[in-house]
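First up is the structure itself, then whatever we jot down about it.
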């Protein structure tokens, strides 16, 4: 069993961001299938994805819903980008271990492989 943390910084305003999120979800799906411990954390401009992914007609809605229980959001970044209400409405957990951000240092200390999309 591996420990995998996927950090998604890709902005929803750029088409390449869609590919990054899609590929992050493919890795997440593979991790779940193999029984790995998984965290998917939306940070920075990546927090803007939550409102989009919650829409049932979004092309990544289905994989998002499949992985939703593994998804967390940086509360500092969600507030900074004005999308905190989307994360709250979606019922996602906030990753706020260090100064209102996820602690990447702790993830590394706990043996997580940290990947950035």
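Could you compute the FRET efficiency for residue 89 and residue 11, with r as their C-beta to C-beta distance and R0 at 30 Å, rounded to 0.05? Intermediate results must be reported in sequence, preceding the final value.
Numbers: r = 20 Å, r/R0 = 0.68.
According to the calculation, E is roughly 0.90.
Using 0.36 nm per residue, how much length does the chain from residue 34 to residue 106 gain when fully extended, once their Cα-Cα distance is taken away? If you can, show how the numbers build up before the last one.
Numbers: separation 72, 0.36 × 72 = 25.92 nm, distance 2.32 nm.
Computed gain between residue 34 and residue 106 is 23.6 nm.
Divide by every residue of the chain the summed helix terms, -39500 (n - 2.57) for each DSSP H run of at least 4, and state the resulting mean residue ellipticity at 222 nm, rounded to the nearest 500 deg cm²/dmol. Show your work: numbers first, answer last.
Details: 6 runs with 50 residues, N = 117.
It lands at -11500 deg cm²/dmol.
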By average C-beta atoms within 10 angstrom, highest first, the peptides 66-74, 93-101, 38-46: 38-46, 66-74, 93-101
Just to be sure I understand: of the beta bridges DSSP finds with both ends in the range 3-116, what percent are antiparallel, rounded to 5? 5
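Counting other C-beta atoms within 10 Å, which of 112, 64 has the fewest, and how do the rest follow?
Working: 112 18, 64 22.
Arranged by neighbour count, lowest to highest, 112, 64 become 112, 64.
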Percent of Cα-Cα pairs more than 24 Å apart in the chain, please. 18
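Read the figures in this text as sums done on the coordinates, not as results from a lab. Since we're looking at a predicted model, the values are computed, not measured. Neighbour counts run over all protein chains shown; Cβ positions are idealised from the backbone, glycine included.
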